[in-house]
Amino acid sequence: MTSPDTPPARPVELTLLPLGARPGEEPAAGGCGAGCGCGAGDEAAAHDPLECGLDPDLADLLAAGGLDPVHVEDVAHLAVEEDLDNGVDVTTVATVPEEAVATGDFVARQAGTVAGLHVAEAVLSIVCTDEFEVERHVADGDRVVPGQVLLSVTTRTRDLLTGERSALNLLCRLSGIATATAAWADALAGTSARVRDTRKTTPGLRSLEKYAVRCGGGVNHRMSLSDAALIKDNHVIAAGGVAEAFRKVREEFPGVPVEVEVDRLDQIEPVLAEGADLILLDNFTPEATAEAVALVAGRAALESSGRLGLDTARAYADAGVDYVAVGALTHSAPILDIGLDLRPERRD
């Protein structure tokens, strides 16, 4: 939550980047007009709002948060294209004058932790047919209260309303994940354990959802099947045993970190003997977890998974594990309710 000492939000004017250009490349002209890569020239009616990309400064902000601006732009395009379905926003076109300009405030309807504000801006930049101005009142990772204004955007009213739902869908989803993660982080506060996510993410949105986990105070597990190995029960069956599975991964991919899932105490020592980097304790009770921690005695990192809830998180952390793995952070987190409130304005 922002404090009374927080400096007031300052307007930021965003230009539009021709599609295909990348951060650091200077656009020929701002907005859709002479020199714009969309080819609209001065013929606004001929402009396709989906042909212009992200503002370079916005792309830099996304990259600074560990997000790929090109991927965010792709997600934004997909969201808007899905909503328009090769047509137009018939309600908005019919009810809003073409020249109308307004400011829209993105407002929290409930308390939570925010994530995805720059992603919402990216969606709007895909839709907007003119330069638009934003005021950033909070940052991703901030905790907010009901009624708090998160982001204000001034642009053509039609564009703002057309992009409203696509922007909110992503912002509410990511903020919901950040809020759920923050609850787990709070439950583990004061211990050495950290909450982290899994690959149980929405197809196509993994990097965004894992970013939201970071905003909520969690840490990320592997991003893909290729950056680390996780030997689970089916791999053990296929390989003929836990130690055998571990050995085969080490032989085939010697430089890859290896985590091994075990569901019994007697499986731990053979895995340690092979040199496991991390052991996942699957469906252990807090008492069995404490036994495992004593047995490992710091020779590998330990992660708890299964039978976990906010009510039991502290017991597992107190048992001494390094991580608690929570798939629900991404597969079951409810959205954070955020709305857009329009403030009609006149352009001077």
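See the values below:
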item: Extreme residue, positive dipole direction of the range 69-137, given options Val123, His137, Ala76 (C-beta unit charges); result: His137
item: Highest-first arrangement of 179-186, 230-237, 121-128, 99-106, where packing means the average Cβ count within 10 Å; result: 121-128, 179-186, 99-106, 230-237
item: The range 94-226, dipole about Cα centre (Lys/Arg Cβ +1, Asp/Glu Cβ -1), debye to the nearest 20; result: 1020 debye
item: Contour minus Cα-Cα distance for Val219 and Glu99 (0.36 nm per residue); result: 38.6 nm
item: Positive-end residue, the range 184-331 charge dipole about Cα centroid, Cβ charges, pick of Pro286, Gly216, Pro254; result: Gly216
item: Centroid-to-centroid separation of the range 86-150 and the range 283-302 [C-alpha atoms, Å]; result: 47 Å
item: The range 184-331 shape via C-alpha gyration tensor axes, a/c threshold 1.5; result: oblate
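No lab work stands behind these numbers, since they all come straight from the coordinates. Since the model is a prediction, treat every value here as computed from it, not as a measurement. Note: ideal-geometry Cβ built from the backbone for every residue, glycine included; neighbour counts use all protein chains shown.
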